[in-house]
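The structure appears below as structure tokens.
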Amino acid sequence: MKIILREHVEHLGDRGDEVNVAPGYARNFLLPKGLGYRAGAGSAKQIKDQRRAWAVREEKSEKGARELAARLAALELSVRRRAGDRGTLYGSVTNADIAELLTAAGFDLPRRKIQLKDPIKSLGDFELAIKLHRNVTAKLNLVVTTEAGKTLAQIEAERAASEPVVEPRTDDEPAAEAEQSVQEG
């Protein structure tokens, strides 16, 4: 079925493209959500008129996304979680947690825009990607610390300080052990 897209659809096409899709995909997803309409004889003229309006709207949207990306790049988020002595979190930091942090910082972004492959499960500094526009991806820094505010480096330093120090053997000790074994044998 031939469909003309009203909006950009990821992995399918851009606004104004005429695409060939399965009838079920068109009936159940694209048409009900208003993402496209059926291609026909009158649709060519309709598309021509709409392309100008879409270009202006797209430019405004991209400009706003670039401004927001610049503001987000200057922001550094911090989250505190319970963690084990090796720096592994007892829970994890997910897209929803990051969206809540952004909302608290004054940015109202849906969690689906935060591109996190897997939930964060350890302490440390992380660079996150936030898809603001199809051409604009913002980078954001996130610091995950313990509930006490300690970083992974601080925990490792404490652990190293608390481990017993093993004294190196002197050259006399192996000789004394060798003499003792010779006398016993």
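The values are calculated or read from the model by the stated rules, or taken from the named source; none is laboratory data. As the structure is a computational prediction, the values presented were derived from the model and not from experiment. Please note: Cβ atoms are built from the backbone with ideal geometry, for glycine as well, and neighbour counts cover all protein chains shown.
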Might you check whether a residue that is acidic (D, E) and at pLDDT 90 or above occurs anywhere in segment 102-110? no
In segment 1-41, residues that are under 27 Å from the mean Cα position of the chain (by Cα) and hydroxyl-bearing (S, T, Y) total 0
Any residue in segment 111-123 that is under 14 Å from G91 (Cβ atoms) sitting within a Cβ distance under 7 Å of a residue that is surrounded by 17 or more Cβ atoms within 10 Å (Cβ to Cβ) and of a type in the set (S, T, Y)? List the pairs, counting only those 6 or more apart or interchain. L123/T145; L123/T146
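Quick grid of which residues meet (1) within 19 Å of N135 (Cβ to Cβ); (2) modelled with pLDDT under 85; (3) among the charged types (D, E, K, R):
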position: N20; (1), (2), (3): no, no, no
position: A26; (1), (2), (3): no, no, no
position: L35; (1), (2), (3): yes, no, no
position: G42; (1), (2), (3): no, yes, no
position: Q46; (1), (2), (3): no, yes, no
Name the strands (runs of 3 or more DSSP E) wholly inside segment 1-106 in which the number of residues that are β-branched (V, I, T) and surrounded by 11 or more Cβ atoms within 10 Å (Cβ to Cβ) is 1 or more. 2-5, 18-20, 76-81, 88-93
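Every residue, every condition in (1) in the same structural domain as N141 (by TED's automatic domain parsing); (2) of a type in the set (A, V, I, L, M, F, W, C), yes or no:
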{"site": "D14", "(1), (2)": "no, no"}
{"site": "E18", "(1), (2)": "no, no"}
{"site": "G24", "(1), (2)": "no, no"}
{"site": "A39", "(1), (2)": "no, yes"}
{"site": "S43", "(1), (2)": "no, no"}
{"site": "R66", "(1), (2)": "no, no"}
{"site": "R86", "(1), (2)": "yes, no"}
{"site": "G91", "(1), (2)": "yes, no"}
{"site": "A99", "(1), (2)": "yes, yes"}
Does segment 27-36 contain at least one residue that is in contact with a helix residue (DSSP H, G or I) (Cβ under 7 Å, 6 or more places away or on another chain) and not assigned by TED's automatic domain parsing to the domain that holds L132? yes
Checked against (1) among the aliphatic types (A, V, I, L, M); (2) within 17 Å of T151 (Cβ to Cβ); (3) touching a Gly at 6+ places or on another chain (Cβ under 9 Å), L132 satisfies every condition except (2)
